[in-house]
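Quick note: the coordinates plus some simple rules give every number you see, no bench work behind them. Source: prediction; values computed, not measured. Note that we place each Cβ from the backbone using ideal geometry, even for glycine, and neighbour counts take in every protein chain shown.
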Amino acid sequence: MSKTKDITKLSTEQLQKFLTSFDTVMCDIDGVLWQLNKPIEGASESLKTLQKLGKQIYLITNNSSKTSDNFYKSPQCISLNLSSDHIVNPIKSIIWYLKKIDFRDEAFAIVSSACRKNFREAGIRLTEQPNVSEINPAATIKEVLDRPSVKAVIVDFDVNWNWSMLALAISCLKRKDVLYIAGPTDEWFQIQVLPQIKIMGPGPLLNVISAQSGRQPILCAKPSQNLKDYILDKCNVTNLKRCLFIGDTVNQDMKFASMCGFIKLFVGTGCDTLEQAQKEDDSCPDYYISSLGQLFSDLTIQNVNVSSISKIIDSSCPDREKINNK
């Protein structure tokens, strides 16, 4: 599909049109801003420049392994001066969903210790993890049998996933009144671009629970309707068509952006390739750039500086403030 535009090949007029087409930027983190906590050169600086141009910035990640506070304290976020409300992860979306349906019962959660703390701080009661013994089979079996007090099974990413957690989750989900809620379904996590190194994500283990319980989860990460609803409720976004979504994955980022009606910018620093993204209409990006760090490089805007870009945007869109409030 040739409709994807390479930003580095845009004319001055086309770049002007691109920069005035959105008021809000929603950006993925892993594979876009950094890889395994190592910053991608120039990426956060590009977001900072967009912020100087009057764009409001949100970071939308499927990575709940770190708390929002940790993201907020990272050098990238500090340079952007973002509040924790501008960092959205699946745990926030799940908590929001449980509050929306007025869930007051006990849940079994396969999540990180930091996320368990998030749930407890939100007033959501969690059952204890199964305590198994290699030398006491009877006690182990008792630990993974259905717990009638559990009314929801919540699955995110946890490096400590094990057989007993899967078994207890499946046992509880045999009851149809138990909610089944999940965060990310990523099959792979990218660790390094060149040479490419990927490790298994939470998707395959989530598939085991779904297959053995005969249940499909209520999804709360990218791409899901619940995350879209969360953004509409909690983020200062009223005109979805004037939002730019920056991502590096086909099934999570680009498909979520299409679901929401966002403008799609695909970067080449993550798991997937542009060719993969262009295979389907709902994942085909509107724009492409090899790295977010190239957005305001000499290659892209040559001798046009931020000050002159701001003047271009202001002259092209004098009612920008009105547009933001529509």
(Q) As I understand it, the dipole of the chain uses +1 on the Cβ of Lys and Arg and -1 on the Cβ of Asp and Glu, about the Cα centre. Which of LEU19, VAL144, ALA122 lies farthest toward its positive end? (A) ALA122
Q | Estimated inter-spin distance, SER11 and ASN160, nm [label 7 Å along Cα→Cβ] | A | 6.0 nm
Q | Separation between Cα centres of segment 145-186 and segment 203-229, rounded to whole Å | A | 11 Å
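What value does segment 104-236 have for Rg/Rh, both radii from Cα atoms and Rh as Kirkwood defines it? Show your work: numbers first, answer last.
On the way: Rg = 16.0 Å, Rh = 16.0 Å.
Over the Cα atoms of segment 104-236, Rg/Rh equals 1.00.
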**Q.** Charged-residue dipole, Cβ positions (Lys, Arg, Asp, Glu), the chain about Cα centre, Debye nearest 20
**A.** 680 debye
Q. Averaged over all directions, how much area does the convex hull of the C-alpha atoms of the chain cover when projected, in nm²?
A. 17.8 nm²
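Kirkwood hydrodynamic radius of segment 111-151 from all distinct Cα pairs, in Å? All intermediate terms of the calculation are to be shown ahead of the outcome.
On the way: mean 1/r = 0.0839 Å⁻¹.
Here the Kirkwood hydrodynamic radius works out to 11.9 Å.
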**Q.** Proximal lysines relative to LYS5, as straight alpha-carbon distance under 19 Å, when same-chain residues fewer than 8 apart are discounted
**A.** LYS17, LYS241, LYS255, LYS264, LYS279
**Q.** Using θ = phi - 60° and Karplus 6.51 cos²θ - 1.76 cosθ + 1.60, couplings along segment 249-259 (whole Hz; Gly, Pro as x)
**A.** 10, 6, 6, 9, 6, 5, 5, 5, 4, 5, 4
Q: Please identify, among PHE256, PHE245, PHE18, the residue showing maximal mean-square fluctuation in a Gaussian network model of the chain using a 10 angstrom Cα cutoff.
A: PHE18
Q. Fewest to most neighbouring Cβ within 10 Å: what's the order for LEU166, LEU126, LEU227?
A. LEU126, LEU166, LEU227
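Could you tell me the relative contact order of segment 16-160? Use alpha-carbon pairs under 8 Å, at least six residues apart, and round to a whole percent.
21 percent
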Q) If the cut-off is a Cα-Cα distance under 16 Å, which lysines reach LYS92, setting aside same-chain residues fewer than 8 apart in sequence? A) LYS66, LYS100, LYS117, LYS222, LYS228, LYS234
Q.
Only counting other Cβ atoms within 10 Å, I'd like ILE135, ILE246, ILE197, ILE91 sorted with the fewest neighbours first.
A. ILE135, ILE197, ILE91, ILE246
Q. For ILE87, which sequence-distant residues (separation of 5 or more, or a different chain) have an amide H within less than 5 Å of its own amide H, given hydrogens modelled in the peptide plane?
A. LEU59
Q.
At most 16 other C-beta atoms within 10 Å and a DSSP loop state: those are the exposed GluC sites (Glu not before Pro) I care about. Give me the longest piece of the chain that has none.
A. 188-279
Q: Return a whole-number percent for the relative contact order of the chain, with Cα pairs under 8 Å and 6 or more residues apart as the contact set.
A: 23 percent
(Q) With 10 angstrom as the radius, rank MET254, MET200 by how many other C-beta atoms surround their C-beta, starting from the fewest. (A) MET200, MET254
